[in-house]
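Read the structure below first, then the notes.
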Amino acid sequence: MPVKTTELGTLKPIAKGGFGQVFRVGGNPFPGDQTPLAYKEFTSDLDAQRRAAQAAVAFRDSLGQADRDDLDRCTVWPRAVVAGPDGEIGGLLMRLIPDDFFCELLDSETGEKGTKLRDLQWLGATQAQRDAAKIDLRDAEQLERLILVGKLVYAVGRLHKHGWVFGDLSFRNAAFALNPPRMLLLDCDGAAALSDPMRKQASTPNWDPPECPIDLHGALQDDITDIYKLGLAILRCLTPGKGMTSTRNPDRLAGHLDAEGIALVRHALSENRDDRPTAKELYAYFRKVVSPVVRPPEVRYARLLTPLCVRGMDAQVEWQIRDAEELRLTAGGAGPQTVDLPSHPDGFIIKKPESGPVFIEVKNRYGTLRIDLGQITLYELPEFKPFNLGALPRPSVPRLDAFTLGHMKPVLEAVPRVVVPEVPTVPSLPTADLIGNFKDTLMRGSAVPLPLPRLNEAVTTASRLITGAVMDRAKEQAAARRQEYLASQTEAGNAGP
């Protein structure tokens, strides 16, 4: 579905060409996608550009997620067409070229600093040419150049794999970045499907293949003409200096490539289409040459230890990383932060995290690697209220009725028991009174001193007598009950079958 121009927000002019004008998009036409965008407004050849843009958008939409991500990494492929108020398609949306693909230069007239796209022509420029242009761009090393042309071959080869032709490959239609080396295809709305017989693709002067000379309008380009232009790009990017912008002589590669590489480029530039290698064969060669001497960053292990956090809690990430010069950590809604790997070789503590995705990007001069670590989910602590003792439940113990042995009387009477006879009352022995009441004493009118009886002996003797009487009575009762029990058992036996 086309994006409306009213959804683009503020538009800031960036560049202007023969077929359109490019603006930086201030709005967010794709909710949830924060990729910076550029809007290309068509200014000429409108019908052809509309048709090409719609086909390019449909191609990207037809890809799986992995292929789509790969396409977006190495191109600024159209993502949507844009319709004006009248519903007519007037342009397209694409990814904004990242800042890494620009360099600074000094305006010779105003003396002010500006920016310049690092297109492929700067790979062929000498130091004297860069100094004359007052551009802040170092010379790319030979290994970096090999990596860059290998990535250019890869980007075009991916299109060939899906049955598409890039077409107008030239210095201005690809840009590069260093640290690490990266390549980006530009003006991708000029690409077309091999299956489209109506495709119309241009060729830049000095980049036209023999079978499609620039003065022959309407000649169909294909994946084999793309290979010829790739051969020119390899030759010209690896051999900077005088004549590099127009050379087609593979002999210039002596000292830059080995014999196998020179022969491969020579075949790519052959007038005989059948001699030309495929993009896959070209890429395999550069990969074989570069791989032994390049060590991209390696993430052996990385894990988010605390995906669930409460407010005020720190989050923690663990990792084991090799050959990385820089690491950037993005957590939740916060922007990326650079982590000093020598100070944090085993992991990092994320202070005050917010909910959202967590990922790391590690890079060195030869490559960049991104690892997704999952999501942080942040929970808010519940409101804390002071402890109130008055709100606690009070214990309630039900009243217990008084318990006496009287409640057990029915139970006790229902079981066999030994009946203890009533204990006779022990008579009082007030001997002193007996003596005092005796009228005829031996010494009338005088107190008769009498010794007190030994009560302990009397009590002991009485206790023994009583105990003996109780035991005798108990034995008699037990013997009688035993006889009754035996008699009942005999009767029961006689009544049996």
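Selection over the stretch 164-181 of residues that are in a strand (DSSP E or B) and buried (at least 22 other Cβ atoms within 10 Å of the Cβ) gives a count of 5. The residue of the stretch 331-351 that is modelled with the lowest pLDDT, among those that are within 17 Å of Asp314 (Cβ to Cβ) and aliphatic (A, V, I, L, M), is Ala334. Within the stretch 152-163, can one find any residue that is farther than 26 Å from Asn272 by Cβ and crowded, with 17+ Cβ neighbours inside 10 Å? No, the stretch 152-163 contains no residue that is farther than 26 Å from Asn272 by Cβ and crowded, with 17+ Cβ neighbours inside 10 Å.
When the stretch 226-260 is limited to residues that are among the basic types (Lys, Arg) and assigned to a helix (DSSP H, G or I), the one that is nearest to Leu194 (Cα to Cα) turns out to be Lys229. Looking across Ala263, Ala302, Ala284, Ala324, one residue alone is assigned by TED's automatic domain parsing to the domain that holds Arg365 and either assigned to a loop (DSSP other than H, G, I, E, B) or without any contact (Cβ under 8 Å) to a residue 24 or more places away in the chain (or both). It is Ala324.
Being buried (at least 16 other Cβ atoms within 10 Å of the Cβ) and not basic (Lys, Arg) holds for only one residue in Ala191, Ala259, and it is Ala191. Here the condition is being of a type in the set (A, V, I, L, M, F, W, C), more than 14 Å from Met94 (Cβ to Cβ) and surrounded by 12 or more Cβ atoms within 10 Å (Cβ to Cβ); of Leu37, Leu46, Leu8, it holds for Leu46 alone.
When you scan the stretch 127-144, do you find a residue that is in contact (Cβ under 8 Å) with a residue 40 or more places away in the chain and part of a strand (DSSP E or B), even just one? No, because not a single residue in the stretch 127-144 is in contact (Cβ under 8 Å) with a residue 40 or more places away in the chain and part of a strand (DSSP E or B). Kindly evaluate Pro197 against the criterion of being part of a loop (DSSP other than H, G, I, E, B) and surrounded by fewer than 22 Cβ atoms within 10 Å (Cβ to Cβ). Taking the combined requirement at face value, the residue satisfies it. Scanning the stretch 1-49 for residues that are of a type in the set (D, E, K, R) and farther than 21 Å from Gly190 by Cβ turns up Lys4, Glu7, Lys12, Arg24, Asp33. Out of (1) charged (D, E, K, R); (2) in contact with a Gly (Cβ under 9 Å, 6 or more places away or on another chain); (3) within 28 Å of Pro382 (Cα to Cα), the odd one out for Arg276 is which? Failing condition for Arg276: (3). Taking the listed residues Gly18, Gly9, Gly32, the one that is in the same structural domain as Pro85 (by TED's automatic domain parsing) and touching a strand residue (DSSP E or B) at 6+ places or on another chain (Cβ under 9 Å) is Gly9, with no other qualifying. Scanning the stretch 305-321 for residues that are part of a strand (DSSP E or B) and either closer than 28 Å to Leu143 by Cβ or of a type in the set (D, E, K, R) (or both) turns up Glu318, Trp319, Gln320, Ile321.
Of the strands (runs of 3 or more DSSP E) that lie entirely inside the stretch 1-120, those containing 2 or more residues that are over 29 Å from His160 (Cα atoms) and in contact (Cβ under 8 Å) with a residue 60 or more places away in the chain span 20-25.
Being buried (at least 18 other Cβ atoms within 10 Å of the Cβ) and either over 48 Å from the mean Cα position of the chain (by Cα) or touching a residue at least 60 places away in the same chain (Cβ under 8 Å) (or both) is the filter here, so list the residues in the stretch 268-281 that pass it. If the condition is that a residue be buried (at least 18 other Cβ atoms within 10 Å of the Cβ) and either over 48 Å from the mean Cα position of the chain (by Cα) or touching a residue at least 60 places away in the same chain (Cβ under 8 Å) (or both), then Ala279 is the only one that fits. For the condition within 44 Å of the chain's Cα centre (by Cα) and either at pLDDT below 95 or closer than 27 Å to Ala192 by Cα (or both), Asp223 qualifies.
Among the candidates Val293, Val289, Val317, Val265, the residue that is surrounded by 20 or more Cβ atoms within 10 Å (Cβ to Cβ), of a type in the set (Val, Ile, Thr) and within 23 Å of Val149 (Cα to Cα) is uniquely Val265.
The values are calculated or read from the model by the stated rules, or taken from the named source; none is laboratory data. It should be emphasised that the depicted structure is a prediction, and the values quoted were computed from it without experimental measurement. Every residue, glycine among them, receives a Cβ derived from its backbone with ideal geometry; neighbour counts consider all protein chains shown.
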